[in-house]
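Enquirer: Okay, handing you the structure first.
Since every read-out is calculated from the coordinates, none of them should be taken as a lab result. Fair warning: this is a prediction, and the values are worked out from it, not measured in the lab. Backbone-built Cβ (ideal geometry, glycine too); neighbour counts: all protein chains shown.
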Amino acid sequence: MNGLMMDYPLTLATIFRRAETLYRTREIVWRAADSSLHRYTFADFAVRTRRFARALLDLGIKPGDRVATLGWNHGAHLEAYFAIPLIRGVLHTLNLRLSPDELGYIVNHAEDRAVIIDESLLPLWEKVRPLVNVPTVIVVGATKPVPPGALDYEAVLAGAAPAMDLPDPDEQEAAAMCYTTGTTGRSKGVLYSHRSILLHTLGLSLGACMDITERDVVTPVVPMFHVNAWGMPFSCLMLGAKLAMPGPHLDPASLVDLFVRERVTITGGVPTIWLGVLQYLDANPGKFDLSSIRAMYVGGSAVPQSLIEAFEKRYGLRIYQAWGMTEMSPVGTMGKLPPYIKDGSRSPSEEAEMFRYRAKQGRPVPLVEIRARGDDGLVPWDGQTMGELEVRGPWIASSYYNRPDGADRFTADGWFKTGDIVTIEADATITIQDRSKDLIKSGGEWISSVALECALMGHPAIAEAAVVPVMHPKWAERPLAAVVLKPGTKATASELRDFLATQFPKFWLPDAFEFIDAIPRTSAGKFKKSELRERYKDYQFAQ
Ligand code: AMP
């Protein structure tokens, strides 16, 4: 029909050109491997990105070729985020915490044509290299001669004129890919299109989501190898927000130092990072001015209410909980407060309600639709009935890359089955009760391991807690709590049971407490409960 709008391609090229022209003097800062801070402007970034784009073309990278990165959060990684999709290649971020064997599988499955590696990660690459066949290896941040056959990133850039005449990609072409960090079976690849990333960037930036503006200074603590650092780098470049990136230094002292020095306003990462930061702040009272921070977005696993309250009451720092998945680019829901939850001046009971709300995972962001399915079909939005969450939207995968065995996660009517068990309230607020495989079924009744963990982490002596199902002769499964005590504190199993007894029905209370040194972590920094399930699979409860 004539008279309609332009058919304007929704691609990363439009974000890049905007960053290059509107925000030339805005800064990008990162901490290098040697801990020093580096900075340059969006204009510098744009020229280097265009040089890298030209170099990739000269190296023979063709449309659709996958180009891998193995690196921390820093300027060169950001350049790869744009240079690769701008020449119609596919940015493939490799998770540097995976085993060489798993990385080898992923590189081969994706058929990566080139890999861009931090110098500090060359020892890891040495173990992957015999398993794969990648023609081009480029080393970033080289302080000594690069290995034979590899290229030095800075020399590659110096030898390439900026590519100024790049045709726009098609919006439905793949721009990036990320493999899931599944705890069972081989990782599966998810392909993000230019269009899906562009729409996700718009969604992420909204007030209902991360509320990113030109006045912000954003620190993605979540690694750039994990779902594009949740999409924050794209939003920052689109809106002219300054980026302050931690490089490999994710310890609490380095992060807090970065927040203070760069006057960071927005940050985001998994709960385990913030548990560490909280302990660090508690150990150094009054030492740091963090008043610039206006929002900390925390997700990837459930955020204990005690963590949210501690940051807000002790340090005036506000955590918003987000839920998402690699398959969802990743953002699905965000815990921004609706108007009927009192904020600002409030009574103690209103305050308690506000914190309870923020311990939930929030409501779907615009363009994401949700529903949940139980044994008898879709469950009512009553805040009570549990079901598996299904989602659909323009930034949600419709299949896994070359993995027909994952087809059962996608329904015939176009929804993605998340594997997360939730309750949904009348206003669409979701509460994640569990991953379906972590839910504990005791005597036919469901017990949420997530709820127990979050409550335990509110106990003053507990640093970390994870709850797993253990086989039981009478009840089929019973909960076992693995807990890590804070240094210098004590707690007994019966004290912890009494602590939980005030909040949960008796049959929810763990039958056993195991005191351990550390909860194993996944490559994304979450608790690796599969390892604990394995460790305790033959556990015998005391009679
Ligand atoms: P990944 O694809 O590695 O990002 O993992 C996605 C999974 O992490 C989801 O399916 C959830 O099980 C879990 N997850 C993410 N965010 C949250 C959250 N806020 N609360 C509870 N679980 C979460």
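Enquirer: Rounded if a/c is under 1.5, else prolate if a/b is larger than b/c, else oblate: which is segment 184-269, with a ≥ b ≥ c the root eigenvalues of its Cα gyration tensor?
Expert: Working: a/c = 2.54, a/b = 1.20, b/c = 2.12.
Oblate.
Enquirer: Moving on. I'd like the antiparallel share, as a percent to the nearest 5, of DSSP beta bridges with both residues in the chain.
Expert: Values: 49 of 87 bridges.
That works out to approximately 55 percent antiparallel.
Enquirer: Another one. List, in order, the whole-Hz ³J(HN,Hα) value for each residue of segment 506-521 obtained from phi through the Karplus relation with A = 6.51, B = -1.76, C = 1.60 and θ = phi - 60°; use x for Gly and Pro.
Expert: For segment 506-521, the Karplus-derived couplings read 4, 6, 7, 5, x, 7, 9, 10, 10, 8, 10, 7, 7, 7, x, 10 Hz, x marking Gly and Pro.
Enquirer: Using a Förster radius of 60 Å, what is the FRET efficiency between Y340 and L166 based on their Cβ-Cβ separation? Nearest 0.05, please. Don't jump to the answer; show the numbers that get you there.
Expert: Details: r = 49 Å, r/R0 = 0.81.
It comes to 0.80.
Enquirer: Given 0.36 nm per residue, what is the gain on full extension from R318 to A43 after removing their alpha carbon distance, in nm? Don't skip to the end; give the middle numbers.
Expert: Details: separation 275, 0.36 × 275 = 99.00 nm, distance 3.26 nm.
Result: 95.7 nm gained on full extension.
Enquirer: Hand me the trypsin sites (Lys or Arg not before Pro) from segment 6-51 located in a DSSP loop with no more than 15 other Cβ atoms within 10 Å, in residue order please.
Expert: On the way: sites: R17, R18, R24, R26, R31, R39, R48, R50, R51; in loops: R24, R26.
Hits after loop and neighbour filter: R24.
Enquirer: Quickly estimate the mean residue ellipticity at 222 nm for the chain, helices only: each DSSP H run with n ≥ 4 gives -39500 (n - 2.57), and the total goes over all residues, rounded to 500.
Expert: Working: 15 runs with 154 residues, N = 543.
The per-residue figure over the chain is -8500 deg cm²/dmol.
Enquirer: Taking H as built 1.01 Å from N, whose amide H comes closer than 5 Å to the amide H of G419, not counting residues under 5 places away?
Expert: Sorted by chain and number, the residues that satisfy this are L389.
Enquirer: Ok, one more. Mind checking the angle between helix 305-315 and the chain's longest principal axis? C-alpha axes, 0 to 90 degrees, to the nearest 10.
Expert: Between helix and principal axis, roughly 70 degrees.
Enquirer: Sticking with the crude label model, points 7 Å out along Cα→Cβ, report the distance from S349 to T385 in nm, one decimal please.
Expert: So the label points at S349 and T385 sit 3.0 nm apart.
Enquirer: A further question follows. Using r as the Cβ-Cβ distance of R18 and T492, and R0 as 45 Å, what FRET efficiency do you calculate, to the nearest 0.05?
Expert: Values: r = 59 Å, r/R0 = 1.30.
Computed FRET efficiency for R18 and T492: 0.15.
Enquirer: Let me know the charge dipole size of the chain about its Cα centre in debye, to the nearest 20, where only the beta-carbon of Lys, Arg (+1) and Asp, Glu (-1) is charged.
Expert: Numbers: 59 positive and 63 negative charges, 112 e Å.
So the magnitude is around 540 debye.
Enquirer: Take the Cα pairs of segment 153-219, get the Kirkwood Rh, then feed it into Stokes-Einstein at 20 °C and 1.002 mPa s and tell me D in µm²/s. Intermediate results must be reported in sequence, preceding the final value.
Expert: Numbers: Rh = 15.7 Å.
Approximately 137 µm²/s, per Stokes-Einstein.
Enquirer: Moving on to the next point. What are the ³J(HN,Hα) values, in whole Hz, obtained from phi via the Karplus relation 6.51 cos²θ - 1.76 cosθ + 1.60 with θ = phi - 60°, for each residue of segment 172-180 in sequence order, with x given for Gly and Pro?
Expert: Karplus-based 3J(HN,Hα) across segment 172-180 equals 8, 6, 5, 10, 8, 8, 9, 8, 5 Hz.
Enquirer: Let me ask you something else. Rounded, prolate or oblate: which fits segment 4-78 when a ≥ b ≥ c are the square roots of the eigenvalues of the alpha-carbon gyration tensor, with rounded for a/c under 1.5 and prolate only if a/b beats b/c?
Expert: Oblate.
Enquirer: To the nearest 10 degrees, how steep is helix 75-86 against the longest Cα principal axis of the chain, on a 0 to 90 scale?
Expert: It works out to around 70 degrees.
Enquirer: Evaluate the distance, in nm, between pseudo-label points positioned 7 Å from the Cα of L367 and of K127 along their respective Cα→Cβ axes.
Expert: 3.9 nm
Enquirer: Identify, among M245, P479, A372, the residue whose Cα sits farthest towards the positive end of the charge dipole of the chain, taking +1 on the Cβ of Lys and Arg and -1 on the Cβ of Asp and Glu, with the dipole about the Cα centre.
Expert: M245
Enquirer: Right, here's the next one. Quick check: from the Cα gyration tensor, does segment 255-295 come out rounded (a/c under 1.5), prolate or oblate? Provide the component values of the computation, followed by the final result.
Expert: Working: a/c = 1.98, a/b = 1.06, b/c = 1.86.
In terms of gyration-tensor shape, oblate.
Enquirer: Roughly how many debye, to the nearest 20, is the charge dipole of segment 437-543 about its Cα centre, given +1 on each Lys and Arg Cβ, -1 on each Asp and Glu Cβ, and no other charges?
Expert: Numbers: 15 positive and 13 negative charges, 36 e Å.
The calculated dipole for segment 437-543 is roughly 180 debye.
Enquirer: Pick out, in residue order, every one of the chymotrypsin sites (Phe, Trp or Tyr not before Pro) in segment 332-396 that is DSSP loop and has at most 12 other C-beta atoms within 10 Å; say none if there are none.
Expert: Details: sites: Y340, F355, Y357, W381, W395; in loops: Y340, W381, W395.
Answer in residue order: Y340.
Enquirer: Which log10 I(q)/I(0) values does segment 1-159 give at q = 0.14 Å⁻¹ under the Debye formula, counting every alpha carbon as one identical point scatterer?
Expert: Rounded to two decimals, the profile gives -0.72.
Enquirer: If you don't mind, another one. Would you grab the residues whose amide H sits under 5 Å from the one on K188? Only those 5+ places off in sequence or on another chain, please, with H modelled 1.01 Å from N.
Expert: T180, G182
Enquirer: Average projected area of the Cα convex hull of segment 437-543, in nm²? Intermediate results must be reported in sequence, preceding the final value.
Expert: On the way: hull surface 26.9 nm².
Convex hull of Cα atoms, orientation-averaged projection: 6.7 nm².
Enquirer: Relative contact order for the chain: what percent, with Cα pairs under 8 Å and sequence separation of 6 or more?
Expert: On the way: 1118 pairs, mean separation 57.4, N = 543.
Contact order relative to length: 11 percent.
Enquirer: Just to verify a number: FRET efficiency for N108 and K506, C-beta to C-beta distance, R0 = 51 Å, to 0.05? Please list the in-between numbers first.
Expert: On the way: r = 51 Å, r/R0 = 1.01.
Efficiency at R0 = 51 Å is approximately 0.50.
Enquirer: Ok, one more. Less than 17 Å from a label point 7 Å out along the Cα-to-Cβ axis of R215: which backbone N atoms in segment 241-279 qualify, by residue?
Expert: Hits in segment 241-279 for R215 at 17 Å: 241-243, 263-267.
Enquirer: Shifting gears a bit: What are the extents of the Cα atoms of the chain along their three principal axes, listed from largest to smallest and rounded to whole Å?
Expert: Here the spans come out as 72, 57, 55 Å, largest first.
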